[in-house]
1. Taking Cα atoms, how many degrees apart are the long axis of helix 632-649 and the longest axis of the chain, rounded to 10 and kept between 0 and 90?
2. Quick check: Cα centre of the range 532-598 to Cα centre of the range 700-725, how many Å?
3. Sort Ile653, Ile405, Ile110, Ile531 so that the residue with the fewest other Cβ atoms within 10 Å of its own Cβ comes first and the one with the most comes last.
4. Would you mind ranking Met631, Met199 so that the residue whose beta carbon has the fewest other beta carbons within 10 Å leads the list?
5. Specify which residue in the list Thr72, Val391, Tyr144 is farthest towards the positive end of the charge dipole of the chain, using unit charges on the beta carbon of Lys, Arg (+1) and Asp, Glu (-1), about the Cα centre.
6. How big is the gap, in Å, between the Cα center of the range 348-413 and the Cα center of the range 611-672?
7. Which whole-number value in Å³ per residue fits the convex hull of the alpha carbons of the range 224-281?
8. Give me Ile173, Ile511, Ile767, Ile63 sorted ascending by neighbouring Cβ count inside 10 Å, so fewest comes first.
Amino acid sequence: MLLRIGRRHFTTNIRASFDQPWLRTKNNTLQQRPPGLLGYPELSHPEELIRLSEQTLRRAGLIVSRIVHSFTPHHNTNPKLPQQAFLDSITAFDRLSDVLCRVIDLAESIRNLHPHQEWVFAANQAHQLLSRYMNTLNTHKELYDALDFTLARVSKDDDPKLVAAKTVAQQFIRDFQRHGIDLSGRERKKLVEISDEMMAVGRMFFAGACSSGGAEEEGSSSSTWTTAEEVRQIGSMIGPEPLAFDGQEGRALIEPNGWPAHALLRYHPSATVRRRIWLSQRQSPDTQVILLESLLKLRYQFARLTGKQNWAEVVLEDKMLGSPANVRRFLDGLAQETRPLVQEESRRLRQVMPPGSKDPIHPWDRDYYSQLLVASRQSARNPAAKMRFSVGNCLETLSSLFSQIYGISFEVEAPQGPEEVWDELVVKLAVIDEAEGRIGTIYCDLFDRPDKSSGAAHYTVRCSRRTDLDQAHLDFQFLDDPHRPVIDQLFPDPLRSEPLQVPVSPIPGKIGTYQRPVVVFSCTFEPPNLIDRQPSLLAWSEVETLFHEMGHAIHSMIGQTEFHNVSGTRCPTDFVELPSILMEHFARSKPVLRQLIRNQADPHKNDQIRDVEGMVTGFADFQAGSEAGMMRATETYSQLQLAVLDQLFHSEIVASPAFDSTFEYQRVVREYEPASSSAFSEDAGSDRWHARFGHLYGYGASYYSYLFDRVIAQKIWATLFDPNPTPPLAPGSPHNDQLSRANGERLKHSLLKFGGARDPWISLAEILNIDQLADGGFKAVDVVRKWGLWK
């Protein structure tokens, strides 16, 4: 169904939309049926989301029946040649996935962002129902047979027309196999039991890792304490909220991970106070440790039942690095390169210790001496020290940057009705390509509010996909027994099987019509002051967060493929962060800094406007002298330590009855501690922070990914955009322009536009002109390992 795009109301004043929301005018255009949530007319009320999920299930049931009757060897009614039959089957599989994910992904964003509990409840219901149905499809033998049958009949050659379709097919094949499709009935039942238990235990572990005290034991305490005198010694650093001190002992209970505890650890001059706070932050109750070890053992059992040696092999099968051995080789190489720099940073810390001190630098000392070191190096007269940037300035700068390097810009579009956005501060951006026109939509939900999920996130509401081959009207020819439920007590009903409708449009230079991507970009920045009419101002770390998350959003916009399963950010975990880390490089580049500072300068202060170049230089100096700049190797080394621990925890070691996660964690910490530290003093046995390492749940066996993408991003930046790369480019190489349109187009067309449809190693080989990378594997990993981070 082709939905025509009606009249839209646009403005190019991006900055005012974020910085001066009180100036916005509402769109009062009369429409027959105003769009509901996120522009969908079907979603004006929460109950419509639940009804839509049921309609989606009925349509999914019809598509499943259509696939089974069209492509399985026993019911094959498709007389087409093997290649065309394969493409038709992948289109049908991808469409089935898309019909379900349209609502699942929509519900995921609603339940995390919507302020009204009625919508959150409906989104949870819809998400749970559709996810349960999707799990049944992963063990659907006839679906697997259809896919296996059509894939087996096509040539093994790398026909360019089939690369994306084969990538999608292999994704589905792996999903089936991970759910035990090839196992006997008894083994498959066991695998389902393990999978269900893994999910339940994993959620409990993650909830405990995110809470203040872990999965609490009865009678255990998740608090530490401080005194009025200790607070007085650090003054205003403790924060604005008053503490409640007990009248008898003069103590106040504080959360170990709250701001007052962090302030004491960072600013208090007493090592005894800092040690008390640090130890409270490293605690985990026995129940939390047990949950972690149970999760690790369940994952190992799952892996063995599916024919793998360990969970890392399960996870890495479709990643760039491909195997635990490659991951460990990469991490070992980076650690070897980083270790001397960590020791040099430790020597710098000793310079701000008391004269003549022979004490080692304990873990609870690092934050304290780091801030002293930074204070000793930073000039209070550097204007960059107090520089803040408005959210609108950042978004306007990003639009200008993308226009320069990609030919893509943003336009603010007024919501077409009061229900389209869920908060009045949400801004809707139309993404415009100078050649293609509108290519997608980004909803920017950037400001904090009560009960909003913390941190930054990118929600894919809709992926790109080719739609003109669907022939949706044929679905109704494959209605099976109307008395057999699709799931639970939900029965087939062709009259109530309309899926979520999406607008489609042609793409210049491509055959057919496509649905365009929609994403929600969420942060929790301090909102504008509507009373004093002041914009939200960001510290530099927040600016980097905004640029990083926009890297994901623009990847979704550019990476528009024929199949939704490989669109945009639906690519390997150890590749997905690459575009976002590149955006951090752009944020720190002089042209972008120049625009940010010029835009932020007070127009009434001519000295600020005149000295933009001086402020750019001062800001670069300020960043180099910040804690992030001066302790960069130490922070990287900490991440290496966690990545190594992640790999260890997902190896065969967990199969031993004597496996002790605390012992193994402390062994890794000891191995990766700088020589000048002594983390393993008398406090070694009480450090059980590993049971609060929440990323072990969502990123188990792939925590290395961010480090890996940092190395690749730095190489791409040096090759394409850094005017003074280290080491220098080879003689005869063209001089880099930091905002080069030619190199931006190279990045866009060699890397970003494929989403996950092409092997990332081939994209890297093409963009960097390094043939050794194209085949991936050991040799390619060795090339990346030798690049390192510090050359």
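1. 50 degrees
2. 14 Å
3. Going from least to most buried by this count: Ile531, Ile653, Ile405, Ile110.
4. Met199, Met631
5. The residue sitting farthest along the positive end of the dipole is Val391.
6. Using only Cα atoms to place each centre, the spacing works out to 18 Å.
7. On the way: hull volume 4.1 nm³, N = 58.
Dividing the Cα hull volume of the range 224-281 by its residue count gives 70 Å³.
8. The most exposed by this proxy come first: Ile511, Ile173, Ile767, Ile63.
Bear in mind that the values in this text are calculations on the coordinates, not laboratory data. What you are looking at is a predicted structure, and each value in this text was computed from that prediction instead of being measured. No Cβ is skipped: glycine too gets one built from the backbone with ideal geometry, and neighbour counts run over all protein chains shown.
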